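The values are calculated or read from the model by the stated rules, or taken from the named source; none is laboratory data. Source: prediction; values computed, not measured. Don't worry about glycine lacking a Cβ; one is built from the backbone with ideal geometry, like all the others, and counts go over all protein chains shown.
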Amino acid sequence: MFSITTYIIECAIMMAAFGSLVFGMLLINPVSFISDYPPEIQEEYYRSQNKERVRKKLTAVMIVKKMIALVIFAFIFAWMAHIAGATNFIQGLLAVYGYIIALAAFDTCILDWLLFPNIRRVRLAGTEHIESEYRRKLFHLKAMLPMLPVFAAGGVVSALIMVWIW
């Protein structure tokens, strides 16, 4: 039987773990997620730090990191749906899509809109003077909304994994 209580607890733990991981990585190295910053911030960082030559390398590294993360998340979401009580593909799909939407909303509304614009330590060197670019809520919303269909595909993959393994 599917447990809403377990599901909500899983979502809270997932958001806390994701936020800690992302924020920790940014505190260690603010360039960790450079491709997620608005283009004006990226341009100013590369220009001010004379790193235009390493731009393609950093972009390639980010693509590899994100692909690895997607595979890991597919399995974690499948496991979480199973723990919450999903027993078939449709339940797994709905559960996983819900996890993904919750995580995307948390990332956009809490991390991108509230924390990052207000915590100067995670700002990229040489971009401190473009405060307004860190506060562009519409940029982050426009980046997240087209991903909704992609998230559905991720839900299908995780639901298939869940049904296959459990």
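Looking at 150, 122, just one residue is farther than 20 Å from residue 5 by Cβ, surrounded by fewer than 18 Cβ atoms within 10 Å (Cβ to Cβ) and not polar (S, T, N, Q), and that residue is 150.
A quick yes/no check of all residues on (1) among the polar types (S, T, N, Q); (2) touching a Cys at 6+ places or on another chain (Cβ under 7 Å); (3) modelled with pLDDT of 90 or more:
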{"site": "26", "(1), (2), (3)": "no, no, no"}
{"site": "77", "(1), (2), (3)": "no, no, yes"}
{"site": "87", "(1), (2), (3)": "yes, no, yes"}
{"site": "92", "(1), (2), (3)": "no, no, yes"}
{"site": "102", "(1), (2), (3)": "no, yes, yes"}
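Check 68, 83 and return the single one that is assigned to a helix (DSSP H, G or I), closer than 26 Å to residue 145 by Cβ and of a type in the set (A, V, I, L, M). It would help to see each step written out before you state the result.
Numbers: 83 fails: closer than 26 Å to residue 145 by Cβ.
After applying the criteria, what remains is 68.
Residue count for segment 63-109, restricted to those that are touching a Phe, Trp or Tyr at 6+ places or on another chain (Cβ under 6 Å), of a type outside the set (A, V, I, L, M, F, W, C) and closer than 30 Å to residue 137 by Cβ: 1. Of all residues in segment 2-20, those that are in a helix (DSSP H, G or I) have Cβ atoms under 9 Å from Cβ atoms of residues that are acidic (Asp, Glu) and surrounded by 16 or more Cβ atoms within 10 Å (Cβ to Cβ), 6 or more apart or on another chain, in 15/107; 18/107; 19/107.
Restricting attention to segment 22-40, which residues are exposed (fewer than 13 other Cβ atoms within 10 Å of the Cβ) and either within 20 Å of residue 73 (Cα to Cα) or polar (S, T, N, Q) (or both)? The answer is 24, 29.
Does residue 19 fit the bill of being surrounded by fewer than 12 Cβ atoms within 10 Å (Cβ to Cβ) and more than 18 Å from residue 97 (Cβ to Cβ)?
Working: surrounded by fewer than 12 Cβ atoms within 10 Å (Cβ to Cβ): no; more than 18 Å from residue 97 (Cβ to Cβ): yes.
Considered against the rule, which asks whether it is surrounded by fewer than 12 Cβ atoms within 10 Å (Cβ to Cβ) and more than 18 Å from residue 97 (Cβ to Cβ), residue 19 comes out as no.
The residues of segment 86-96 that are within 15 Å of residue 155 (Cβ to Cβ) and not in a helix (DSSP H, G or I), listed by number, are 86, 88.
Return yes when residue 90 is closer than 21 Å to residue 148 by Cβ, more than 16 Å from the chain's Cα centre (by Cα) and not charged (D, E, K, R) and no when it is not. Considered against the rule, which asks whether it is closer than 21 Å to residue 148 by Cβ, more than 16 Å from the chain's Cα centre (by Cα) and not charged (D, E, K, R), residue 90 comes out as yes. Those helices (runs of 4 or more DSSP H) of segment 111-166 in which 2 or more residues are under 19 Å from the mean Cα position of the chain (by Cα) and closer than 22 Å to residue 19 by Cβ occupy 137-144, 148-165.
For (1) surrounded by 14 or more Cβ atoms within 10 Å (Cβ to Cβ); (2) in contact (Cβ under 8 Å) with a residue 12 or more places away in the chain; (3) touching a Pro at 6+ places or on another chain (Cβ under 7 Å); (4) not hydrophobic (A, V, I, L, M, F, W, C), each residue gets a yes or a no:
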| site | (1), (2), (3), (4) |
| --- | --- |
| 64 | no, no, no, no |
| 72 | no, no, no, no |
| 75 | yes, yes, no, no |
| 81 | yes, yes, no, no |
| 88 | no, yes, no, yes |
| 92 | yes, yes, no, yes |
| 111 | yes, yes, no, no |
| 142 | no, no, no, yes |
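The number of residues in segment 29-65 that are more than 14 Å from residue 123 (Cβ to Cβ), out of contact with any Asp or Glu (no Cβ under 6 Å at 6 or more places or on another chain) and part of a helix (DSSP H, G or I) comes to 18. Looking across segment 97-108, the residues that are surrounded by 15 or more Cβ atoms within 10 Å (Cβ to Cβ) and either more than 12 Å from residue 159 (Cβ to Cβ) or of a type in the set (A, V, I, L, M) (or both) come down to 100, 101, 102, 103, 104, 106, 107, 108.
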